[in-house]
1. Would a scan of segment 292-311 turn up a residue that is in contact (Cβ under 8 Å) with a residue 12 or more places away in the chain and under 20 Å from residue 426 (Cα atoms)?
2. From (1) surrounded by 15 or more Cβ atoms within 10 Å (Cβ to Cβ); (2) modelled with pLDDT of 95 or more, pick out the condition that doesn't hold for residue 129.
3. Is there any pair linking a residue in segment 61-81 that is in the same structural domain as residue 36 (by TED's automatic domain parsing) and on the phi > 0 side of the Ramachandran plot to one that is surrounded by fewer than 20 Cβ atoms within 10 Å (Cβ to Cβ) and in a strand (DSSP E or B), with Cβ under 8 Å and at least six apart or on different chains, and which?
4. Here are 185, 129: which of them is in a loop (DSSP other than H, G, I, E, B) and touching a helix residue (DSSP H, G or I) at 6+ places or on another chain (Cβ under 9 Å)?
5. Looking only at helices (runs of 4 or more DSSP H) that fall completely inside segment 240-333, which ones have 3 or more residues that are in the same structural domain as residue 134 (by TED's automatic domain parsing) and modelled with pLDDT of 95 or more?
6. Inspect all residues belonging to segment 223-232 and state whether any of them is modelled with pLDDT of 95 or more, surrounded by fewer than 17 Cβ atoms within 10 Å (Cβ to Cβ) and outside any helix (DSSP H, G or I).
7. With in contact (Cβ under 8 Å) with a residue 40 or more places away in the chain, exposed (fewer than 13 other Cβ atoms within 10 Å of the Cβ) and either within 30 Å of residue 266 (Cα to Cα) or not assigned by TED's automatic domain parsing to the domain that holds residue 252 (or both) as the only criterion, which of 137, 95, 106, 147 stands out?
8. Which residues, taken from segment 27-72, are within 24 Å of residue 170 (Cβ to Cβ), touching a helix residue (DSSP H, G or I) at 6+ places or on another chain (Cβ under 7 Å) and not in a helix (DSSP H, G or I)?
């Protein structure tokens, strides 16, 4: 009887799982395997918040697989040696996995596939994390897109050909004599200092939790999404990003559930395609995890004081919308996308600190710390990436709060020390009259900090710096898109 290994990675589900389907179609028995090898993903190995999620979603996946007859075997790397050892122990003749697109993982998988095949195993990778493979969409010159709008048009033309999601298997033919591996707790994914107290109250990692959240969003949240999605004070977003990041849902499942047509569905599909754009760019330009897509910024002298980074990380900048977002991130592992742009703009434009500092902090503290999305978002906001408009895109935390948190309920939720201030002053307490502050029991510099930077003058400084960057330069490092591996 033929035996196949199914290597689970960032695809921790049973529904619409291409590698699992291929293994079941070619072998009579399967061995589900997870290998923990963070050193193989350096320098962007999983951050602390994501490790919390990983622990719980692996537990859920293990239970689902065992219930169907094929328990998950967990190992600590290295990946190639582990797969070869498990294949020898089980008599497996093939290994199947779903692709990932981060630069370090692409390099690892390319070498690993060659090593497995050299050892006589059939080694096959499959699509599973995107609606469209990143190399399958190109501009008229056959090159990667660098601007979202034409990429969006090209993708929309292909969506009709995206197949429906596969159903999950009811049973799985497990193999006998599978190596024991290690217990999940041996991976030490959970924090030693329990700063994750709110996570379990807010999130349900695992495929069942992902499906429940998707169903709830389609039933209750999709209507009005286009109009409400920018409001951090409302439960108006899907909050599916961690589930997509860990592959508890496939994008095809989400696309099929949301449907097509109508303003709200179209707005949400646009967000799915923004995620596709992020992976498209990262695959074509792998250097952008640490270096700007726009080479004019490669040697940009960030003028800010690096000692201010800690105040930004703690949510102690004295600018309420920025601080509310950073506190939301620390306590929940999540931040509303509108606020992500505001805090990123504040770090790079007002504080004058490198976008890489912010990207690293997000990578460690976000539950949905997707390298492609994180890279695109930070470079877009900093003005050095795709669709960049560096000379004028500076988010005003004051105007953003007025527009998108009109009753200041988001600010009050995360800044209780300012909660008694009237709406007129809550988002700008440093401009409030002393009598208003006293009546609200707010002592600036004691209960809440004064701003660590002047918003107006720092904005002028950023505009002047961007103006000096206008001379065109084409990156010698952009290169051509990669070939399919």
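The values are calculated or read from the model by the stated rules, or taken from the named source; none is laboratory data. Since the model is a prediction, treat every value here as computed from it, not as a measurement. All Cβ positions, even for glycine, are placed from backbone atoms using ideal geometry, and neighbour counts span all protein chains on display.
1. There is at least one residue in segment 292-311 that is in contact (Cβ under 8 Å) with a residue 12 or more places away in the chain and under 20 Å from residue 426 (Cα atoms).
2. (2)
3. Between residues of segment 61-81 that are in the same structural domain as residue 36 (by TED's automatic domain parsing) and on the phi > 0 side of the Ramachandran plot and residues that are surrounded by fewer than 20 Cβ atoms within 10 Å (Cβ to Cβ) and in a strand (DSSP E or B), the close pairs are 69/174.
4. One residue alone meets the criteria, 129.
5. Numbers: elements: 241-245, 251-258, 263-284, 309-314, 320-332.
Counting at least 3 such residues, we get 241-245, 251-258, 263-284.
6. Checked segment 223-232: at least one residue is modelled with pLDDT of 95 or more, surrounded by fewer than 17 Cβ atoms within 10 Å (Cβ to Cβ) and outside any helix (DSSP H, G or I).
7. Values: 137 fails: exposed (fewer than 13 other Cβ atoms within 10 Å of the Cβ); 95 fails: exposed (fewer than 13 other Cβ atoms within 10 Å of the Cβ); 106 fails: exposed (fewer than 13 other Cβ atoms within 10 Å of the Cβ).
Matching residue, one of 137, 95, 106, 147: 147.
8. 30, 31, 32, 33, 34, 71, 72
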